[in-house]
Amino acid sequence: MSNTIKRIGILTGGGDCPGLNAVIRAVAKSAHEGGVEVMGIEDGYLGLIENRMKLLTSADVSGILTHGGTILGSSNKANPSNYALPDGKGGWVMTDVRDQVVSHYQQAKLDAMVVIGGDGTMSGAAKLIDRGLRFVGVPKTIDNDLMCTDITFGHNTAVTTATDALDKVHTTASSHHRVMVVELMGRYAGWLALNSGVASGSDVILIPEIPFDLQKVADKCLQRNKYGKRFTIVAVGEGAKPIGGQQFVERVDATAPDPIRLGGIAKYVADQVEKLTHLESRSIVLGHVQRGGTPTAGDRMLATTFGYHAFELLMAGQFGHLVVQQKNEITSVPIVDVADKVRTVPLNDKLLLAARAIGTCFGD
Ligand code: F6P
(Lines give C-alpha, C1' and ligand atoms only; values in the text may rest on other atoms or scores of the structure.)
Protein backbone atom coordinates (compact mmCIF):
# COMPACT_ATOMS: atom_id res chain seq x y z
CA MET A 1 0.00 0.00 0.00
CA SER A 2 1.42 3.40 -0.93
CA ASN A 3 1.49 6.11 1.69
CA THR A 4 -0.17 8.61 -0.65
CA ILE A 5 -3.89 8.90 -0.01
CA LYS A 6 -5.83 9.09 -3.27
CA ARG A 7 -9.03 7.28 -2.41
CA ILE A 8 -10.68 6.70 0.95
CA GLY A 9 -13.76 4.79 2.07
CA ILE A 10 -16.31 5.90 4.64
CA LEU A 11 -18.94 3.93 6.53
CA THR A 12 -21.49 4.47 9.29
CA GLY A 13 -21.93 1.50 11.67
CA GLY A 14 -24.22 0.63 14.58
CA GLY A 15 -27.47 2.37 15.50
CA ASP A 16 -28.13 5.52 13.48
CA CYS A 17 -28.09 8.92 15.17
CA PRO A 18 -28.42 12.60 14.28
CA GLY A 19 -25.18 14.05 12.90
CA LEU A 20 -24.00 11.07 10.83
CA ASN A 21 -24.64 12.94 7.60
CA ALA A 22 -22.85 15.98 8.97
CA VAL A 23 -19.71 13.84 9.51
CA ILE A 24 -19.99 12.23 6.06
CA ARG A 25 -20.30 15.72 4.56
CA ALA A 26 -17.30 17.08 6.50
CA VAL A 27 -15.06 14.13 5.57
CA ALA A 28 -16.12 14.14 1.91
CA LYS A 29 -15.86 17.91 1.46
CA SER A 30 -12.41 17.99 3.13
CA ALA A 31 -11.32 15.10 0.92
CA HIS A 32 -12.66 16.67 -2.27
CA GLU A 33 -10.89 19.94 -1.42
CA GLY A 34 -7.67 17.93 -1.10
CA GLY A 35 -8.23 16.05 -4.38
CA VAL A 36 -9.02 12.74 -2.65
CA GLU A 37 -11.82 10.46 -3.87
CA VAL A 38 -14.38 9.11 -1.40
CA MET A 39 -16.17 5.78 -1.66
CA GLY A 40 -19.35 5.52 0.43
CA ILE A 41 -19.75 2.00 1.85
CA GLU A 42 -23.40 0.99 2.16
CA ASP A 43 -24.94 -0.27 5.42
CA GLY A 44 -21.84 -0.22 7.62
CA TYR A 45 -19.56 -3.26 7.53
CA LEU A 46 -22.26 -5.12 5.59
CA GLY A 47 -21.28 -3.12 2.50
CA LEU A 48 -17.65 -4.18 2.92
CA ILE A 49 -18.70 -7.81 3.39
CA GLU A 50 -21.04 -7.77 0.37
CA ASN A 51 -18.93 -5.39 -1.73
CA ARG A 52 -21.53 -2.61 -1.96
CA MET A 53 -20.03 0.85 -2.29
CA LYS A 54 -20.24 3.89 -4.56
CA LEU A 55 -18.24 7.00 -5.32
CA LEU A 56 -19.52 10.00 -3.35
CA THR A 57 -19.65 13.16 -5.44
CA SER A 58 -19.89 16.73 -4.18
CA ALA A 59 -23.57 16.69 -5.12
CA ASP A 60 -24.12 13.55 -2.99
CA VAL A 61 -22.91 15.30 0.15
CA SER A 62 -24.48 18.68 -0.50
CA GLY A 63 -27.61 19.65 1.45
CA ILE A 64 -27.33 16.80 3.98
CA LEU A 65 -26.01 18.70 7.03
CA THR A 66 -29.42 19.04 8.62
CA HIS A 67 -30.70 15.57 7.76
CA GLY A 68 -31.02 12.89 10.44
CA GLY A 69 -30.01 9.27 9.75
CA THR A 70 -27.30 8.38 7.26
CA ILE A 71 -27.28 8.58 3.46
CA LEU A 72 -25.05 5.48 3.49
CA GLY A 73 -27.33 3.27 5.59
CA SER A 74 -26.11 1.43 8.67
CA SER A 75 -26.17 -1.98 10.35
CA ASN A 76 -25.64 -3.01 13.95
CA LYS A 77 -25.36 -6.69 13.07
CA ALA A 78 -22.38 -6.89 10.75
CA ASN A 79 -19.09 -7.31 12.61
CA PRO A 80 -16.75 -8.96 10.05
CA SER A 81 -14.91 -11.08 12.63
CA ASN A 82 -18.20 -12.30 14.14
CA TYR A 83 -20.82 -12.32 11.38
CA ALA A 84 -24.03 -14.37 11.45
CA LEU A 85 -24.43 -16.75 8.48
CA PRO A 86 -27.32 -19.23 8.13
CA ASP A 87 -26.27 -22.67 9.45
CA GLY A 88 -28.57 -24.51 7.02
CA LYS A 89 -30.76 -25.77 9.87
CA GLY A 90 -32.79 -22.61 10.43
CA GLY A 91 -30.24 -21.13 12.85
CA TRP A 92 -27.13 -19.00 12.61
CA VAL A 93 -23.44 -19.62 12.91
CA MET A 94 -21.09 -16.77 13.83
CA THR A 95 -18.34 -16.66 11.18
CA ASP A 96 -15.12 -14.69 10.56
CA VAL A 97 -15.50 -13.06 7.11
CA ARG A 98 -12.56 -10.69 7.39
CA ASP A 99 -10.80 -12.22 4.34
CA GLN A 100 -13.76 -11.14 2.22
CA VAL A 101 -13.60 -7.62 3.64
CA VAL A 102 -9.85 -7.29 3.05
CA SER A 103 -10.30 -8.45 -0.52
CA HIS A 104 -13.14 -5.96 -1.23
CA TYR A 105 -11.13 -3.12 0.36
CA GLN A 106 -8.18 -3.96 -1.90
CA GLN A 107 -10.33 -4.40 -5.03
CA ALA A 108 -11.81 -0.93 -4.44
CA LYS A 109 -8.25 0.45 -4.18
CA LEU A 110 -8.97 2.13 -0.87
CA ASP A 111 -5.91 3.73 0.71
CA ALA A 112 -7.66 4.18 4.07
CA MET A 113 -11.13 4.43 5.65
CA VAL A 114 -13.11 6.57 8.05
CA VAL A 115 -15.40 4.44 10.25
CA ILE A 116 -18.11 6.31 12.13
CA GLY A 117 -19.60 4.37 15.03
CA GLY A 118 -19.73 3.33 18.65
CA ASP A 119 -17.96 0.61 20.64
CA GLY A 120 -19.22 -2.23 18.40
CA THR A 121 -18.02 -0.50 15.22
CA MET A 122 -14.66 0.30 16.84
CA SER A 123 -14.34 -3.32 17.95
CA GLY A 124 -14.92 -4.36 14.31
CA ALA A 125 -12.33 -1.79 13.21
CA ALA A 126 -9.73 -3.03 15.70
CA LYS A 127 -9.99 -6.55 14.25
CA LEU A 128 -9.57 -5.24 10.68
CA ILE A 129 -6.63 -3.04 11.69
CA ASP A 130 -5.03 -6.35 12.81
CA ARG A 131 -5.34 -7.43 9.18
CA GLY A 132 -3.48 -4.35 7.93
CA LEU A 133 -6.43 -2.14 6.97
CA ARG A 134 -5.92 1.58 7.61
CA PHE A 135 -8.79 3.01 9.63
CA VAL A 136 -9.56 6.23 11.45
CA GLY A 137 -12.60 6.35 13.76
CA VAL A 138 -15.22 8.98 14.61
CA PRO A 139 -17.19 8.52 17.86
CA LYS A 140 -20.95 8.33 17.40
CA THR A 141 -23.82 7.32 19.65
CA ILE A 142 -26.83 8.85 21.34
CA ASP A 143 -25.76 6.88 24.44
CA ASN A 144 -22.53 8.89 24.96
CA ASP A 145 -20.96 5.72 26.33
CA LEU A 146 -17.72 5.56 24.34
CA MET A 147 -14.49 5.45 26.36
CA CYS A 148 -11.82 8.15 26.05
CA THR A 149 -14.12 10.89 24.74
CA ASP A 150 -16.12 13.33 26.85
CA ILE A 151 -18.83 13.49 24.21
CA THR A 152 -20.07 11.64 21.14
CA PHE A 153 -22.06 13.41 18.45
CA GLY A 154 -25.78 12.53 18.44
CA HIS A 155 -26.06 12.62 22.21
CA ASN A 156 -26.96 16.30 22.44
CA THR A 157 -29.82 15.89 19.96
CA ALA A 158 -31.14 12.82 21.78
CA VAL A 159 -30.99 14.68 25.11
CA THR A 160 -32.91 17.57 23.53
CA THR A 161 -35.59 15.22 22.17
CA ALA A 162 -35.89 13.33 25.46
CA THR A 163 -36.06 16.58 27.42
CA ASP A 164 -38.85 17.84 25.18
CA ALA A 165 -40.79 14.59 25.75
CA LEU A 166 -40.29 14.77 29.52
CA ASP A 167 -41.41 18.42 29.48
CA LYS A 168 -44.53 17.41 27.58
CA VAL A 169 -45.62 14.61 29.90
CA HIS A 170 -45.66 17.17 32.72
CA THR A 171 -48.97 18.40 31.30
CA THR A 172 -50.90 15.14 31.65
CA ALA A 173 -49.08 14.22 34.84
CA SER A 174 -50.18 17.42 36.51
CA SER A 175 -53.71 17.58 35.03
CA HIS A 176 -54.50 13.98 36.02
CA HIS A 177 -52.38 13.81 39.17
CA ARG A 178 -50.39 10.87 37.89
CA VAL A 179 -46.95 9.38 38.22
CA MET A 180 -45.51 9.30 34.69
CA VAL A 181 -42.54 7.00 34.10
CA VAL A 182 -40.63 7.67 30.87
CA GLU A 183 -38.18 5.03 29.59
CA LEU A 184 -35.14 6.40 27.79
CA MET A 185 -32.46 4.67 25.73
CA GLY A 186 -28.78 4.55 26.65
CA ARG A 187 -28.05 0.82 27.03
CA TYR A 188 -25.78 0.14 29.99
CA ALA A 189 -24.99 3.82 30.66
CA GLY A 190 -27.25 6.43 32.23
CA TRP A 191 -26.04 9.56 30.41
CA LEU A 192 -29.20 10.08 28.38
CA ALA A 193 -31.54 9.55 31.35
CA LEU A 194 -29.39 11.66 33.66
CA ASN A 195 -28.90 14.58 31.28
CA SER A 196 -32.49 14.77 30.02
CA GLY A 197 -33.83 14.02 33.49
CA VAL A 198 -31.97 16.97 34.96
CA ALA A 199 -32.74 19.25 31.99
CA SER A 200 -36.48 18.56 32.37
CA GLY A 201 -36.51 18.82 36.14
CA SER A 202 -37.63 15.20 36.53
CA ASP A 203 -38.34 14.33 40.17
CA VAL A 204 -36.88 10.83 40.00
CA ILE A 205 -34.02 9.67 37.75
CA LEU A 206 -33.14 5.98 37.60
CA ILE A 207 -29.91 4.96 35.86
CA PRO A 208 -28.05 1.64 35.44
CA GLU A 209 -25.16 2.84 37.59
CA ILE A 210 -27.41 3.21 40.69
CA PRO A 211 -29.62 0.17 41.41
CA PHE A 212 -32.85 1.49 42.91
CA ASP A 213 -35.15 0.70 45.83
CA LEU A 214 -38.81 0.97 44.71
CA GLN A 215 -39.89 2.02 48.19
CA LYS A 216 -37.62 5.09 47.90
CA VAL A 217 -39.28 5.99 44.60
CA ALA A 218 -42.75 5.47 46.11
CA ASP A 219 -41.83 7.59 49.14
CA LYS A 220 -40.75 10.43 46.86
CA CYS A 221 -44.12 10.35 45.01
CA LEU A 222 -46.06 10.32 48.30
CA GLN A 223 -43.94 13.10 49.79
CA ARG A 224 -44.60 15.28 46.73
CA ASN A 225 -48.33 14.63 47.05
CA LYS A 226 -48.21 15.63 50.69
CA TYR A 227 -46.86 19.10 49.95
CA GLY A 228 -49.32 19.70 47.12
CA LYS A 229 -47.40 18.54 44.05
CA ARG A 230 -49.87 15.89 43.00
CA PHE A 231 -47.76 14.40 40.21
CA THR A 232 -44.30 12.93 39.73
CA ILE A 233 -42.10 12.58 36.65
CA VAL A 234 -39.73 9.61 36.59
CA ALA A 235 -36.99 9.44 33.93
CA VAL A 236 -35.67 5.89 33.74
CA GLY A 237 -32.76 4.63 31.63
CA GLU A 238 -33.54 1.34 29.86
CA GLY A 239 -30.63 -0.31 31.67
CA ALA A 240 -31.75 0.64 35.20
CA LYS A 241 -32.48 -2.22 37.59
CA PRO A 242 -33.81 -2.70 41.11
CA ILE A 243 -31.34 -3.49 43.89
CA GLY A 244 -30.55 -7.21 43.67
CA GLY A 245 -32.52 -7.49 40.39
CA GLN A 246 -31.67 -7.86 36.72
CA GLN A 247 -31.87 -5.53 33.73
CA PHE A 248 -35.04 -5.92 31.66
CA VAL A 249 -34.41 -7.58 28.28
CA GLU A 250 -37.01 -6.89 25.59
CA ARG A 251 -35.55 -9.05 22.82
CA VAL A 252 -32.55 -11.17 21.96
CA ASP A 253 -31.26 -10.94 18.38
CA ALA A 254 -29.14 -14.01 17.62
CA THR A 255 -27.79 -12.39 14.43
CA ALA A 256 -26.22 -9.42 16.22
CA PRO A 257 -22.76 -9.55 17.86
CA ASP A 258 -24.42 -7.74 20.80
CA PRO A 259 -27.72 -9.66 20.92
CA ILE A 260 -29.36 -7.99 23.92
CA ARG A 261 -32.00 -5.28 23.44
CA LEU A 262 -33.11 -3.75 26.73
CA GLY A 263 -36.67 -2.63 27.46
CA GLY A 264 -39.57 -2.92 29.88
CA ILE A 265 -38.25 -1.22 32.99
CA ALA A 266 -40.69 1.75 32.83
CA LYS A 267 -43.76 -0.48 32.95
CA TYR A 268 -42.32 -2.43 35.86
CA VAL A 269 -41.57 0.76 37.80
CA ALA A 270 -45.01 2.28 37.06
CA ASP A 271 -46.86 -0.90 38.09
CA GLN A 272 -44.90 -1.30 41.31
CA VAL A 273 -45.15 2.38 42.27
CA GLU A 274 -48.92 2.27 41.74
CA LYS A 275 -49.13 -0.77 44.04
CA LEU A 276 -47.04 0.89 46.73
CA THR A 277 -48.64 4.36 46.59
CA HIS A 278 -52.16 3.85 45.16
CA LEU A 279 -51.38 6.78 42.87
CA GLU A 280 -52.31 6.29 39.23
CA SER A 281 -49.07 5.54 37.38
CA ARG A 282 -48.40 5.26 33.64
CA SER A 283 -45.39 4.31 31.58
CA ILE A 284 -44.12 5.58 28.23
CA VAL A 285 -41.27 4.15 26.14
CA LEU A 286 -39.69 6.91 24.06
CA GLY A 287 -37.75 4.47 21.86
CA HIS A 288 -36.23 5.32 18.49
CA VAL A 289 -37.72 8.82 18.48
CA GLN A 290 -34.52 9.63 20.41
CA ARG A 291 -32.38 8.63 17.43
CA GLY A 292 -34.29 10.64 14.85
CA GLY A 293 -34.68 14.19 13.61
CA THR A 294 -32.37 16.96 12.58
CA PRO A 295 -29.18 17.32 14.66
CA THR A 296 -28.97 20.23 17.07
CA ALA A 297 -26.59 23.07 16.23
CA GLY A 298 -24.16 21.66 18.82
CA ASP A 299 -24.16 18.24 17.16
CA ARG A 300 -23.70 19.75 13.70
CA MET A 301 -20.66 21.66 14.97
CA LEU A 302 -19.20 18.61 16.75
CA ALA A 303 -19.84 16.30 13.77
CA THR A 304 -18.18 18.77 11.39
CA THR A 305 -15.17 19.16 13.69
CA PHE A 306 -14.83 15.37 14.13
CA GLY A 307 -15.21 14.74 10.39
CA TYR A 308 -12.56 17.27 9.41
CA HIS A 309 -10.12 16.00 12.07
CA ALA A 310 -10.66 12.39 11.00
CA PHE A 311 -9.60 13.36 7.48
CA GLU A 312 -6.59 15.23 8.87
CA LEU A 313 -5.56 12.12 10.84
CA LEU A 314 -5.72 10.05 7.67
CA MET A 315 -3.61 12.54 5.76
CA ALA A 316 -1.10 12.60 8.64
CA GLY A 317 -0.87 8.79 8.48
CA GLN A 318 -2.23 8.39 12.01
CA PHE A 319 -4.07 5.18 11.21
CA GLY A 320 -5.73 3.11 13.92
CA HIS A 321 -6.79 6.25 15.82
CA LEU A 322 -10.17 7.60 16.90
CA VAL A 323 -10.89 11.34 17.00
CA VAL A 324 -12.04 12.32 20.50
CA GLN A 325 -12.87 15.37 22.57
CA GLN A 326 -11.18 15.58 25.96
CA LYS A 327 -11.49 18.65 28.19
CA ASN A 328 -12.69 20.72 25.22
CA GLU A 329 -9.66 19.76 23.09
CA ILE A 330 -9.91 17.66 19.93
CA THR A 331 -7.31 14.91 20.02
CA SER A 332 -7.09 11.20 19.21
CA VAL A 333 -6.61 7.84 20.94
CA PRO A 334 -5.86 4.33 19.62
CA ILE A 335 -9.08 2.60 18.50
CA VAL A 336 -8.11 -0.52 20.51
CA ASP A 337 -8.41 1.57 23.69
CA VAL A 338 -12.16 2.04 23.18
CA ALA A 339 -13.19 -1.21 21.47
CA ASP A 340 -15.69 -3.28 23.48
CA LYS A 341 -15.66 -0.88 26.44
CA VAL A 342 -18.49 1.14 27.99
CA ARG A 343 -18.15 4.55 29.65
CA THR A 344 -20.68 4.70 32.45
CA VAL A 345 -21.70 7.65 34.65
CA PRO A 346 -19.26 8.01 37.58
CA LEU A 347 -21.00 8.39 40.93
CA ASN A 348 -19.16 11.68 41.48
CA ASP A 349 -20.34 13.14 38.16
CA LYS A 350 -20.90 16.88 38.66
CA LEU A 351 -24.42 16.91 37.23
CA LEU A 352 -25.40 13.86 39.27
CA LEU A 353 -24.16 15.59 42.43
CA ALA A 354 -26.02 18.79 41.52
CA ALA A 355 -29.24 16.82 40.94
CA ARG A 356 -28.90 15.10 44.31
CA ALA A 357 -28.28 18.45 45.98
CA ILE A 358 -31.53 19.88 44.65
CA GLY A 359 -33.54 16.92 45.88
CA THR A 360 -33.79 14.68 42.83
CA CYS A 361 -34.40 11.07 43.88
CA PHE A 362 -32.13 8.39 42.38
CA GLY A 363 -33.95 5.59 44.16
CA ASP A 364 -31.05 4.87 46.52
O1 F6P B 1 -26.86 2.43 20.95
C2 F6P B 1 -27.95 3.15 20.51
C3 F6P B 1 -29.25 2.48 20.92
O4 F6P B 1 -30.32 3.29 20.48
C5 F6P B 1 -29.36 2.16 22.40
O6 F6P B 1 -29.68 3.29 23.18
C7 F6P B 1 -30.43 1.10 22.38
O8 F6P B 1 -30.30 0.25 23.50
C9 F6P B 1 -30.13 0.34 21.12
O10 F6P B 1 -29.37 1.21 20.29
C11 F6P B 1 -31.36 -0.11 20.38
O12 F6P B 1 -30.96 -0.85 19.27
P13 F6P B 1 -31.96 -1.28 18.11
O14 F6P B 1 -32.15 -0.12 17.20
O15 F6P B 1 -31.27 -2.43 17.46
O16 F6P B 1 -33.26 -1.67 18.76
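The values are calculated or read from the model by the stated rules, or taken from the named source; none is laboratory data. In this text, all values refer to a predicted model and were calculated from it rather than measured experimentally. Positions of Cβ are backbone-derived with ideal geometry, glycine not excepted, and every protein chain shown enters the neighbour counts. For accessibility, only protein heavy atoms count, side chains too; no ligands or nucleic acids. Shrake-Rupley method; radii C 1.70, N 1.55, O 1.52, S 1.80 Å.
Can you name every residue in region 45-66 that is more than 25 Å from G293 (Cβ to Cβ), in a loop (DSSP other than H, G, I, E, B) and of a type in the set (S, T, Y)?
T57, S58
Starting from region 198-227, keep only residues that are free of Cβ contacts under 8 Å to residues at least 40 places away in the same chain, then list their pairs with residues that are aliphatic (A, V, I, L, M) and in a helix (DSSP H, G or I) whose Cβ atoms are within a distance under 6 Å, requiring at least 6 positions of separation or different chains.
Filtered contacts from region 198-227: S200/L166.
If you take the residues in region 282-304 that are among the charged types (D, E, K, R) and assigned to a helix (DSSP H, G or I), which one is surrounded by the fewest Cβ atoms within 10 Å (Cβ to Cβ)?
Among residues in region 282-304 that are among the charged types (D, E, K, R) and assigned to a helix (DSSP H, G or I), the one surrounded by the fewest Cβ atoms within 10 Å (Cβ to Cβ) is R291.
Would a scan of region 103-112 turn up a residue that is under 25 Å from the mean Cα position of the chain (by Cα) and either basic (K, R) or under 28 Å from G154 (Cα atoms) (or both)?
yes
Hey, can you tell me all the residues within region 244-262 that are outside any strand (DSSP E or B), among the acidic types (D, E) and open to solvent by 50 Å² or more (accessible area, probe 1.4 Å)?
Residue satisfying the conditions is D258 alone.
With respect to S200, is the statement that it is more than 15 Å from the ligand (Cβ to nearest atom) and either polar (S, T, N, Q) or closer than 24 Å to N328 by Cβ (or both) true?
Spelling it out, S200 is indeed more than 15 Å from the ligand (Cβ to nearest atom) and either polar (S, T, N, Q) or closer than 24 Å to N328 by Cβ (or both).
Could you look through region 206-219, keep only residues that are in a helix (DSSP H, G or I) and touching a Gly at 6+ places or on another chain (Cβ under 7 Å), and pick out the one that is farthest from Q272 (Cα to Cα)?
Looking at the filtered set, the residue picked out is K216.
If I ask for residues that are touching a residue at least 12 places away in the same chain (Cβ under 8 Å) and farther than 16 Å from C361 by Cβ, which ones from region 173-183 would you list?
Of everything in region 173-183, those that are touching a residue at least 12 places away in the same chain (Cβ under 8 Å) and farther than 16 Å from C361 by Cβ turn out to be S174, H176, H177, R178, E183.
Which members of region 312-332 meet the condition of being touching a Ser or Thr at 6+ places or on another chain (Cβ under 8 Å) and assigned to a strand (DSSP E or B)?
Within region 312-332, H321, L322, V323, V324, Q325, Q326, I330 meet the criteria.
Tally time: how many residues in region 220-233 are under 18 Å from L194 (Cβ atoms) and either within 16 Å of the ligand (Cβ to nearest atom) or over 30 Å from the mean Cα position of the chain (by Cα) (or both)?
1
On the basis of being part of a loop (DSSP other than H, G, I, E, B) and hydrophobic (A, V, I, L, M, F, W, C), does L279 make the cut?
Considered against the rule, which asks whether it is part of a loop (DSSP other than H, G, I, E, B) and hydrophobic (A, V, I, L, M, F, W, C), L279 comes out as yes.
Before we move on, is I243 touching a residue at least 24 places away in the same chain (Cβ under 8 Å), more than 16 Å from the ligand (Cβ to nearest atom) and touching a His at 6+ places or on another chain (Cβ under 7 Å)?
In short, no.
Residue-by-condition table, conditions (1) of a type in the set (D, E, K, R); (2) touching a helix residue (DSSP H, G or I) at 6+ places or on another chain (Cβ under 8 Å); (3) open to solvent by 20 Å² or more (accessible area, probe 1.4 Å); (4) within 16 Å of the ligand (Cβ to nearest atom):
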position	(1), (2), (3), (4)
K168	yes, no, yes, no
T172	no, no, yes, no
H176	no, no, yes, no
V179	no, yes, no, no
Y188	no, no, yes, yes
L214	no, yes, yes, no
A218	no, yes, no, no
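Can you confirm whether V236 is within 16 Å of the ligand (Cβ to nearest atom), modelled with pLDDT of 95 or more, open to solvent by less than 30 Å² (accessible area, probe 1.4 Å) and not in a helix (DSSP H, G or I)?
So V236 passes the test.
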